[in-house]
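Contents: one structure, followed by commentary.
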Number of protein chains: 2
Amino acid sequence: MIVLAVIIGFALVIGVLALLYAAWLSYQVVKSPAGTPKMQEISKAIQEGANAFLMRQYKTLLPIVVVLLAVIGYFIHTHMAIAFLVGVVSSALAGYIGMQVSVRGNVRVAEAAKKGLAPALALAFKGGAVTGMALVGLGLIGMGGLYYIFGDLVPLIGYGFGASLISLFARVGGGIYTKAADVGADLVGKIEAGIPEDDPRNPAVIADNVGDNVGDCAGMAADVFESFVVTVIAAMLLGTASGLFFVELPLFVAGLGVLASILGSIFVRLGKDRHIMKAFYKGIAVTALLMLIGAYAYLSNVPDGIGWFIAVAVGVAITGLIFWITEYYTAKEFAPVKNVAEAARTGAGTNLIQGLAVGMQSTALPALLIIAGIIISFLAGGLYGVALAAAAMLSLSGIIIAVDSYGPITDNAGGIAEMSRMPDKVRKVTDELDAVGNTTKATTKGFAITGAALGALALFVAFAEETRLESVNLLEPAVVVGLFVGALLPFLFSSMLMTAVGRAAFEIVQEVRRQFKEIKGLMQGKARADYARCVDISTKTALRELALPGIMAVATPLLVGFLFGAPALAGLLAGAIASGFLLALTMSNAGAAWDNAKKLIEGGLYGGKGSDAHKAAVVGDTVGDPLKDTAGPALNALIKVVNTVSLVFAELILGYTLGLLG
Amino acid sequence: MIVLAVIIGFALVIGVLALLYAAWLSYQVVKSPAGTPKMQEISKAIQEGANAFLMRQYKTLLPIVVVLLAVIGYFIHTHMAIAFLVGVVSSALAGYIGMQVSVRGNVRVAEAAKKGLAPALALAFKGGAVTGMALVGLGLIGMGGLYYIFGDLVPLIGYGFGASLISLFARVGGGIYTKAADVGADLVGKIEAGIPEDDPRNPAVIADNVGDNVGDCAGMAADVFESFVVTVIAAMLLGTASGLFFVELPLFVAGLGVLASILGSIFVRLGKDRHIMKAFYKGIAVTALLMLIGAYAYLSNVPDGIGWFIAVAVGVAITGLIFWITEYYTAKEFAPVKNVAEAARTGAGTNLIQGLAVGMQSTALPALLIIAGIIISFLAGGLYGVALAAAAMLSLSGIIIAVDSYGPITDNAGGIAEMSRMPDKVRKVTDELDAVGNTTKATTKGFAITGAALGALALFVAFAEETRLESVNLLEPAVVVGLFVGALLPFLFSSMLMTAVGRAAFEIVQEVRRQFKEIKGLMQGKARADYARCVDISTKTALRELALPGIMAVATPLLVGFLFGAPALAGLLAGAIASGFLLALTMSNAGAAWDNAKKLIEGGLYGGKGSDAHKAAVVGDTVGDPLKDTAGPALNALIKVVNTVSLVFAELILGYTLGLLG
């Protein structure tokens, strides 16, 4: 037990270190100058809106958590119930901390932009790093602490399920919120009233900015937090059969990745070429290198350690390559986006077809990457090796989320600069930061989707292990039924979210129209819009629309499990992972390609703004928005929650299934 | 062997009967008056175009067929090679016969429309029924004859593969052809030159009308011919282990279905309410009823026959329900299409999102229907019961294809009426016929997709049987790798076809522009357009663009099989079926919903033609076209060809696989 205590101690120490680092970064952000009273007023409104959403979300969650706590505690195990609660609180806390810093960082980045690109970038990345580090720090402490207290791994499944629940809420609710506010603000503001984006006269403008934080910061954080912890836990569970070393190793790898992320993040600094993306890549590269060095140093001294090292290296390589692949399909510099832009010349129809084709095509390389990763890590270390590779990949979450959360901060900074009418020089800086934020948003999404798929695969194997399944045989009709149901879920789920965004946006549209009509002097800038109402409507509708897909995600695996048994449920999990992964990539990358094709044209291509090509590209962007920011990312949460709910209820399903078709 | 000989005899007799019936119907069609010389001239051009396409397709196929014949004959078995050739010829012949009657029926239906709706409908349906009956007749004769000659079932796998090959060519090549010509004609004709659809001055107008026959008639016929024969063969193969009765039963069911279709088709007659769809439903209902009566009469006298009867009834029920479900999602009368039309009021973006959402949502009921079908037929008769249900469903192909092939005939009739400037009264009749043709096109597509999925599932089980697989275990990484590759294929395949249509359409656009510019007097109606060149370009580009996706469809399963072994390949097949089925439904139904939403608006809703809502709906329709007429239907061919190629090469794969990850 001594070695185990050492590893747990290592994880806890690194976890605390990550939190201290996050606290130090927060302090740095908060102590920076917060700009003029006008800027602070806007920032305050965004803060209030974000908090209002979080609070209402937590209030909605409360009864669900209480019921699940009782069910798990009564039917399964008290320890698992406790771990579940810790998981819920940890994930919520990570999101809360990230949001608090994000909504304070935005205005300070706008202020720092007065002094130039380098200080503004440094501050924005610090703000993003708070989310990244808080998330991995809390994850390490939660996993290490619970394992230490209970001396047993099984309760940690509850921890993962808690993280899943928050992730489902944050991804689905946040995704609907952010797009409803965005689309609602644009439809009436830009199109009907003809005022620019981020104009303070638009009553939905604050909701729109809140949405960036809710969706891109809190939603992404909860998603990746979940992937991180469930993957590490699944790998540890799989290690149980082979001995203590194999239980410790994933935790060690996780701690190592977090340590490497902390150190790597220090290297994110603008070089003389003022190339922002390069600054991020430098940080990520250093992190990856440190991770590899650390893993090699440890594993080369362990018998047969090279196999495990290869698995870790596979995880690190996947992270690097998925960035590269996603950037190829979604950035303006490469053929796919250029082709989508060119297709806009012949109208919206061809633009849309080309974008859809790019989205579908963009699934191939990531799928082949995962397949190659599975093959190599399996040859190196069996199924455990596959899970270890996944854990290694997700251990880099700290630096990746730092890069991702930088996005909403700069997006907001741009909005604040616009709303408070700061000089053009400042807006040029925030625009430059924001453009990179759009790229990182797309590329980190590739990481999140791949991470979710690998995490879900690890959970799938852990589920088979927990239910002592020797085979999930596709020649049994129950398994085929499960496979079909599982493959269907992402289609149905996406469809629900796409229509939900439409309904929610419609309510915002009506409210904005009402305010334009009823608030006198609003359009002349003499009266203030009622921002809070739009925030409130977005919040309410997002949480309302979350109910049905949420229930479907949790209830379907249980239904299939209790009706047809564990093999059918395993089939469902496999089907959901395969189809969910491919659909999520299609929707996210198509959306990003349309978005950037539009930006290419706005940059002057094919007639620039106002041209027919631009009008066509705007349609593509509109269609892409709910795909890339709502439905696509929500599938990450879906494919994991079906797995965690199955793991939590595994024993009950084994005991009480009707075993139809068995 | 006596009973077997009786059943084979029964199949052969019914097969000959179906062909005689088809010949009699052809005679009826051809002897009808063919209209004015002007009309005949147009019809002649369409005939020539269709024949040019078929001939070039056959020429392209020839070397491929010769190579495959040699490979199968040398490496596998001469009998299988012979059966392969028979399959190729039968499917090609079915398509050829159907096309010949279809391109002669079109002008005669236009002429008959002078006398009113009832005679025009009767003639159009007769023309469609030729395709339907020729197809099932040739199928029965092929299967029964080969089985009788070889006294062995295994060679029949080659027959199925031959049908697969033609289906791949017809669906992919035909799909690209039809949309390239359609989009090309519309883009320059309707939008740039401002001339109406089917205007004889448009050089692509004949290619467009040829496309309807090539895609909707020949493509659909080859697809369903393939589903029909592979499903019956797979069910017979599965029966081998249990005894001769189980080998005969699928052939008996197939014969019964064909007989019922012949009789049922007689009941397709316009009632006093002049409701065309009802006339079709009457025919289908009579067919289904006769099928059930016949099956019950036979199986109630067989020990344990009720189980097999239930399986047959499941197949019949699926046919009925899939019609009903598809109509709900794609017809103008119901909420989904109405919602898509309503979404057009707020622009193309919302129209597209709503259509995509409808497409994705429309996968749920068909998937649940298949699942319910699998469960019931499995409980009634094990895996064999599932295959028997599928065979029963596909046995109704005769009447379904009759209803489907009616569509391109009436579509062409409308075009000929327009081009030869027939009186409004006639065009009102052809419009009415054509409107129903659009509905049946969508609903029979639902049948084709579901049939393809069930047929592929039966092949999948047969593959496992032939390779003596006891388990296709999703806990083995090789199977997971296969599953991912399989699920990926339909995404990649669709993406290729979508961009192929764009490229092919672009070449038509350039040619039409060239003719408008260079042929003097064309726009004034004084000079004749060079239709043949557009037909030629469509043909060439369609067959060129077919190469890459075609090779991928055939090579990928072989690659996975030889690298990773039979279980991995089985995983691939399952993944391709699940994701292909769902994607095909999404694309076909979304496309049909956009199409009919546009027609709803053209009917006067939300401002009618020329309104903003209409413009938005036109964009949706443009996007939907390649989805519903190219990519979606081609997936039917894909998910079957991966299965038939695997079955043909099963023994070789077993013998020579590297068995990586094994």
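A short reminder: the numbers here are calculations on the coordinates, not readings from a lab. Please read all numbers here as calculations on a predicted model, not as lab measurements. Glycine also receives a Cβ, built like all others from the backbone with ideal geometry; neighbour counts cover every protein chain displayed.
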* Under the classification rounded if a/c is under 1.5, otherwise prolate if a/b is larger than b/c and oblate if not, where does the range B:415-511 fall, given a ≥ b ≥ c as square roots of the Cα gyration tensor eigenvalues? -> oblate
* Asked: Given a cut-off of under 8 Å on Cα pairs at least six residues apart, what relative contact order in percent is computed for the range A:235-310?
  -> 22 percent
* Förster radius 56 Å - calculated FRET efficiency between residue B:372 and residue B:540, Cβ distance, rounded to 0.05 -> 0.80
* To do: For the range B:85-176, state which chymotrypsin sites (Phe, Trp or Tyr not before Pro) are in a DSSP loop and have at most 13 other beta carbons lying within 10 Å of their beta carbon.
  => none
* Could you list log10 I(q)/I(0) for chain A at q = 0.05, 0.07, 0.09, 0.12 Å⁻¹, which the Debye formula gives when each Cα is one point scatterer? -> -0.20, -0.40, -0.68, -1.23
* Among A:303, A:150, A:479, whose Cα lies farthest out toward the positive end of the dipole of chain A, if unit charges sit on the beta carbon of Lys, Arg (+1) and Asp, Glu (-1)? -> A:150
* If you average 1/r over every pair of different alpha-carbon atoms in the protein assembly as shown and take one over that average, what Kirkwood value in Å do you get? -> 31.6 Å
* Asked: How would you classify the range A:392-454 from its alpha-carbon gyration tensor, with a ≥ b ≥ c the square roots of the eigenvalues: rounded for a/c under 1.5, else prolate if a/b is greater than b/c, otherwise oblate?
  -> prolate
* **In the range B:416-521, trypsin sites (Lys or Arg not before Pro) in a DSSP loop with at most 12 other beta-carbon atoms within 10 Å** => B:421, B:468, B:520
* Asked: Looking at the range A:260-326, which trypsin sites (Lys or Arg not before Pro) are in a loop (DSSP not H, G, I, E or B) and have at most 10 other Cβ atoms within 10 Å?
  -> A:272
* **Coordinate range along principal axes, alpha carbons of the range B:124-191, Å, largest first** => 60, 27, 9
* Structure fact -> Projected onto the charge dipole of the range A:501-648 (unit charges on the beta-carbon of Lys, Arg, Asp and Glu, signs +1, +1, -1, -1), the Cα from A:579, A:565, A:510 with the largest positive-side position is that of A:510
* Structure fact -> Taking GluC sites (Glu not before Pro) in a DSSP loop with at most 13 other Cβ atoms within 10 angstrom as exposed, one finds the longest site-free stretch of chain A at A:1-332
* Structure fact -> Taking 0.36 nm per residue of separation between residue A:306 and residue A:114 and subtracting their Cα-Cα distance, the length gained on full extension comes to 64.0 nm
* About its Cα centre, what dipole magnitude does chain B give when the only charges are +1 on Lys and Arg Cβ and -1 on Asp and Glu Cβ, stated in debye to the nearest 20? -> 1740 debye
* Evaluate E = 1/(1 + (r/R0)^6) for residue A:59 and residue A:6, where r is the Cβ-Cβ distance and R0 equals 56 Å; express this FRET efficiency to the nearest 0.05. => 0.85
* To do: Treat every Asp and Glu Cβ in the range A:420-568 as -1 and every Lys and Arg Cβ as +1, leave all other atoms uncharged, and give the resulting dipole magnitude about the Cα centre to the nearest 20 debye.
  => 1140 debye
* Spatial extent of the range B:590-662: Rg and Dmax, with the Cα atoms as the point set, Å -> 22.1, 66
* **Compactness relative to 2.2 N^0.38 Å, alpha carbon Rg of the range A:344-460** => 1.45
* Between the range A:45-119 and the range A:389-448, how many Å separate their Cα centres? -> 19 Å
* Structure fact -> The simple spin-label model distance between residue A:148 and residue B:190, using points 7 Å out along Cα→Cβ, in nm, is 7.0 nm
* Roughly what would the spin-label model give for residue B:78 and residue B:244, points 7 Å off Cα along C-beta, in nm? -> 2.7 nm
* To do: Please work out the Cα center distance from the range A:480-547 to the range B:337-375, rounded to the nearest Å.
  => 20 Å
* **Given charges at beta-carbon only (K, R positive; D, E negative), |dipole| of the range B:94-253 in Debye** => 400 debye
* Relative contact order, percent, chain A [alpha-carbon distance under 8 Å, six or more residues apart] -> 22 percent
* Structure fact -> In whole percents, the bins of 10 Å from zero upward hold the Cα-Cα pairs of the range A:348-409 as 19, 25, 32, 19, 4
* Relative frequency of Cα-Cα separations exceeding 23 Å in the range B:276-387, percent -> 47 percent
* Which shape class, rounded, prolate or oblate, goes with the range B:514-638 when its Cα gyration tensor gives a ≥ b ≥ c as root eigenvalues, a/c under 1.5 marks rounded, and past that a/b bigger than b/c marks prolate? -> oblate
* Asked: For chain A, what is the calculated [θ] at 222 nm in deg cm²/dmol (nearest 500), taking -39500 (n - 2.57) for each run of four or more DSSP H residues and dividing by its residue count?
  -> -28500 deg cm²/dmol
* Structure fact -> With the charge dipole of the protein assembly as shown built from beta-carbon charges (+1 for Lys and Arg, -1 for Asp and Glu) about the Cα centre, the Cα from A:97, A:420, A:28 projecting farthest to the positive end belongs to A:420
* Asked: Relative contact order, percent, of the range A:395-521 when contacts are C-alpha pairs under 8 Å separated by at least 6 residues?
  -> 19 percent
